[in-house]
1. Over region 246-287, what lengths in whole Å, largest first, do the semi-axes of the equivalent ellipsoid take, defined as the square roots of 5 times the eigenvalues of the alpha-carbon gyration tensor?
2. Given a cut-off of 21 Å, name the pairs among 8/157; 43/158; 189/260; 90/132; 53/274 whose C-alpha atoms lie farther apart than that in the structure shown.
3. How much length is gained if the chain between residue 231 and residue 282 is pulled fully straight, taking 0.36 nm per residue apart and subtracting their Cα-Cα distance, in nm to one decimal?
4. Counting only the backbone N, which residues of region 253-275 are under 19 Å from the spot 7 Å out from the Cα of residue 174 toward its beta-carbon?
5. In nm, give the distance between the simple-model label positions of residue 95 and residue 250, each being 7 Å from the Cα along the Cα-to-Cβ direction.
6. Name the residues whose placed amide hydrogens come within less than 5 Å of the amide hydrogen of residue 175, ignoring near sequence neighbours (fewer than 5 apart) on the same chain.
7. Looking at the chain as a GNM with Cα springs under 10 Å, which of 205, 178, 137 has the largest mean-square fluctuation?
8. Would you mind putting 259-272, 93-106 in packing order, based on average other-beta-carbon counts within 10 Å, highest first?
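Where a number appears in this text, it was derived from the coordinates with a stated rule and is not lab data. Only a predicted model underlies this, so the values are computations on that prediction, with no experimental measurement involved. Cβ placement follows ideal geometry from the backbone for every residue including glycine, while neighbour counts extend to all protein chains displayed.
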Amino acid sequence: MIRPQNLKTKIFLDGGDPKETKEIIKFLGFLDGQTTNPTLISKNPEAVSRLQKGEKFTKEEVYDFYRGVVKEISALVPNGSVSVEVYADKNTSADEMFAQGREMFSWIPNAHIKYPITTAGLVVAERSIEAKMRVNMTLCFAQEQAAAVYTATRGAKKGEVFVSPFVGRLDDRVENGMDLIKNIVTMYKAGDGHVETLAASVRSMEHFLYAIQLGSDIITAPYKILKAWSEQGMPIPESDFIYPAEGLREIPYREINLLKNWKEFDLAHELTDKGIERFADDWNALIQ
Ligand code: E4P
């Protein structure tokens, strides 16, 4: 199979196992990149079997392991992008995140470094862009957070900055996560295009198809969904496709001034805090 001609959205795999990457490339005939995170790395079969034998990693070993996984994935999508996430808990400083980001950026030639959208994360995003590192700002749950990413990374070129709004985790709270994608894509239309919207936490074919219809720049989807999409012949939604949002609360669009300084935006979101905690817990569970 080859990439559908009318597909403008880039398709990434969301996962931490290079075996999945290989298979998806075989199924689709193309793959534009991959996103990883601490939870996904903790689910890598090799990590799982190690833990089952009671052999946890040392701090150094776990980074070596992550690097090995990322290198393998990078070689499979040499012309794409691979997102690598720093370890961050609520006490991790901007300096600590930046040091990790710099190290991870040197692992492979096509990395985007994932930082959480917090004050420290945005300080680091600014510094990373200055240092010519590409970033993927993660755990985005609010339009205002995406606005802050835009203003903090002003001056970056297209392709250097992604923002990752998490659809499924908003749906879990009965909020229509796809509205967040729609709102960010709409808001960014008034901008200079330097930030690309990467639809994340995609849990269903409906999420996937609607993100294409909305014109999300990138979608990252788990193995199961990309496999199902290939089995269905890689459909692109028709213009009459209607996303079934029944039972989900609408997230209204807000008019936000993209010329503001990012420090003026309210960055706080409960799900960002919870997400940071979960990623940190899953990572720490790997370590002795
Ligand atoms: C990818 O960049 C995200 O970390 C991932 O899509 C989160 O998905 P989840 O909400 O299913 O954990």
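1. 30, 19, 7
2. Flagged as over cut-off: 43/158; 90/132; 53/274.
3. Full-extension gain reported as 15.2 nm.
4. Answer for this model: 270-271.
5. Result for the modelled spin labels: 4.9 nm.
6. Close amide H contacts, sequence-distant or interchain: 249.
7. 205
8. Working: 259-272: 14.7, 93-106: 17.3.
In decreasing order of mean packing, 259-272, 93-106 become 93-106, 259-272.
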